[in-house]
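Engineer: So that we are looking at the same thing, I have put the structure below in C-alpha cells.
The values are calculated or read from the model by the stated rules, or taken from the named source; none is laboratory data. Being a predicted model, the structure only gives us computed values, none of them experimental. All Cβ positions, glycine included, derive from the backbone under ideal geometry; neighbour counts span all protein chains shown. The area values use the complete protein model at the heavy-atom level, side chains included, leaving out ligands, DNA and RNA. Shrake-Rupley method; radii C 1.70, N 1.55, O 1.52, S 1.80 Å.
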Amino acid sequence: MTSSHSPLKPNAVIGIVGGGQLGRMSAIAAARLGFRTHILTTEANGPAAQVSHAVTCGKYDDPAALDAFASAVDVVTFEFENISADALDLLATHCPVHPSGHILRISQDRLAEKTFFASAGIPLAPWHAVTDVKTLHEAAEKVCLPLILKTTRNGYDGKGQRRVHHIHDLEDAFNALAPHPLVAEGMVDFACEISVMVVRSADGTVRCFDPALNRHWNGILDLTLAPAPIDPNIAAQAVKLATTIAEKLELVGILGVEMFVDRTGNLLVNEMAPRPHNSGHWTMNACPQDQFDMHIRAVAGLPLPHAVRHSDAIMKNLVGPEDMALLPQIMATQGFIPHLYGKKEARVGRKMGHVNILFPYGALPGNLGVQDALGPLATKTAAPEPKEDTAAS
C-alpha cells in the first residue's frame, strides 16, 4: 500500500470514483501533472472515461468491481457524493482514499452535517431534526414558519425539499418527502450566496481560493462571480470558516463550502461538498493552479502553492438544450472560454458545460456589465436568486 504521506511519482495512477464532468476535469488536471487516471463508473463512455487512461465499469457497491479497481490504482478520490462510504472504506484497505469515507458520511447526511458544524462552532440557520409528526410540530415552534423541510440524503439542485408557509401544510409536506428523518430549516433574510473552495494536504497545509458569489435559476447554479463583490471583512470571515471546517475534518483534498450572507452581513454556512465544485470552475482560467490541479496535488501528496487568482472572472453554466442551442454563438463570441463535458444528450436541467469570461484583476463589472459581458447567454441572470428562500439546499 502506498503511504498516504508519500508523494506519488510521475505516471502513478489516481483512481477516481465517478465518471461525470468533475471526474473529467480532475483527470485532465492529473494528466498535466504527469499522472494517469483510472475511472470507476457505471457509464462506459461518460465524460471522465473519455479522457482517462483506464476505466472499470461496475456498480459503486460491487465488491468485485471495487477490488479490480483498487488493485490498479495508487490512490483513490471521488467526484460525487452519491456513492457508498462503505465502498470507500473497502478501497481504503487497498490504498489511500482522499477525502476519507468518514468525511463523505458527514457530507451525505444533512443531520450529520449540521451536527458536525454545530460541534465545530460553525454558524447555521435555525434547524431541527424531524423524525415523526411530534417532532415536526416541535420544529415549527422552534424554527418558526415559514420553513423548509428537506430529506437528509440525496437532495441536490433543489430536489428533496418542500417549502411550508402555513401550519396546515406541515403534515402534507412531511408525508410527501421520503425517506424520513427530515430536517426543518428556517428561512433567512437572504442577501447572497457565496462559496469558498478550500484545499488541505496531509501535512496540514490549507489553501483557500477567493470567495465567489453564486446565482441560481430554477434551483441550479447559473452564474458565479469571482471574487464575490462583498465586504472584505465578510470575505475574510468566510475563508476562516472554510479553513476551520477543513481542519476539523482533517481533510485531504478539496472541499466546497457554501454559505449565505444575510441582510445584516452575518455568514451562515449552508453545506459542504468534499470534491471539486461547480462554483469553483472559474478557477480554471483565472488562476495559475485551478481547483482541480489543487485537488490532485493534495490527493497525490504534492506541495500546495498559494491559491491565487490573476484575473477576475464570470462562470456561466451551460444547461440543457436551450443553452446548447447557442453553441455556435458561444464559440464565435470573443472572450468566451468554453468547457464542454462530452455528454451526448442535452436534457432539460442537465449541465452540459460552462463558459468562463475573464477581466483584469480588480475589474469585475457590476450587474449591467455582467449582462453585457454574457452576450448571447444574458437571458436569466439579471437578478440574484437563492436555491430557495432558506439557508440551505
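Engineer: Along the Cα-to-Cβ line of Asp189, 7 Å from the Cα, sits a label point; which residues in segment 244-284 have backbone N less than 20 Å from it?
Structural biologist: Hits in segment 244-284 for Asp189 at 20 Å: 259-270.
Engineer: Over the chain, average the accessible area per residue using a 1.4 Å probe and give it in Å², no decimals.
Structural biologist: Value returned for the chain: 40 Å² of accessible area per residue.
Engineer: Oh, and also: Just to be sure I understand the model, the point goes 7 Å from the Cα along the line to the Cβ. What's the resulting Asp61 to Lys240 distance in nm?
Structural biologist: 4.2 nm
Engineer: Which trypsin sites (Lys or Arg not before Pro) does segment 319-353 hold that lie in a coil by DSSP with at most 14 other beta carbons within 10 Å?
Structural biologist: Listed in order of number, the matching sites are Lys344, Arg347.
Engineer: Hey, for a label at Thr42 modelled as a point 7 Å past Cα toward Cβ, could you say which residues of segment 52-66 have their backbone N under 15 Å away?
Structural biologist: 57-63, 65-66, by backbone N distance to the label point.
Engineer: Which of these, Ile14, Ile254, Ile337, has the largest mean-square fluctuation under a Gaussian network model of the chain (Cα springs below 10 Å)?
Structural biologist: Looking only at Ile14, Ile254, Ile337, the largest GNM fluctuation is found for Ile337.
Engineer: At a Cα cut-off below 13 Å, give the aspartates and glutamates reachable from Lys351, other chains included and same-chain residues fewer than 8 away excluded.
Structural biologist: Within the straight-line limit of under 13 Å, Lys351 reaches these aspartates and glutamates: Asp157, Asp222, Glu322, Asp323.
Engineer: Another one. GNM, the chain, Cα, under 10 Å: largest mean-square fluctuation among Ala118, Ala70, Ala31?
Structural biologist: Sorting by GNM fluctuation, first place goes to Ala118.
Engineer: How large, in percent, is the carbon and sulfur part of the accessible surface of the chain at a probe radius of 1.4 Å?
Structural biologist: Percent of accessible area from carbon and sulfur atoms in the chain: 52.
Engineer: Show the residues, 5+ positions off or on another chain, whose built amide H is closer than 5 Å to the amide H of Arg153.
Structural biologist: Result for Arg153 returns Arg110.
Engineer: Let me ask another. Can you list which of the DSSP-assigned H helices in the chain have a Cα extent of 18 Å or more along the long axis and an average Kyte-Doolittle score of at least -1.0?
Structural biologist: What comes out of the filter, once short or polar helices are dropped, is 232-249.
Engineer: Extending each Cα 7 Å along its Cβ direction at Asn266 and His306, get the distance between those two points in nm, one decimal.
Structural biologist: 3.4 nm
Engineer: Would you please give the FRET efficiency between His53 and His180, computed as 1/(1 + (r/R0)^6) with r the Cβ-Cβ distance and R0 = 41 Å, to the nearest 0.05?
Structural biologist: Using R0 = 41 Å, I get an efficiency of 0.45.
Engineer: Please list, in order, the residues from segment 54-92 whose amide nitrogen is less than 14 Å from a point placed 7 Å along the Cα→Cβ vector of Arg153.
Structural biologist: Taking a point 7 Å out along Cα→Cβ of Arg153, the residues of segment 54-92 whose backbone N falls under 14 Å are 61, 81-88.
Engineer: Over 20 Å between Cα atoms: which of Lys9/Lys59; Lys114/Lys142; Lys240/Lys316; Lys114/Lys248 fall into that group? Intermediate results must be reported in sequence, preceding the final value.
Structural biologist: Numbers: Lys9/Lys59 29 Å; Lys114/Lys142 16 Å; Lys240/Lys316 27 Å; Lys114/Lys248 14 Å.
Too far apart for the 20 Å limit: Lys9/Lys59; Lys240/Lys316.
Engineer: Scan around Tyr361 for amide H atoms under 5 Å from its own, H built in the peptide plane at 1.01 Å from N, and keep only partners 5 or more places away or cross-chain.
Structural biologist: The list, which skips near neighbours in sequence, is Asp312.
Engineer: Give the percent of DSSP beta bridges with both residues in the chain that are antiparallel, rounded to the nearest 5.
Structural biologist: Percent antiparallel among DSSP bridges in the chain is about 80.
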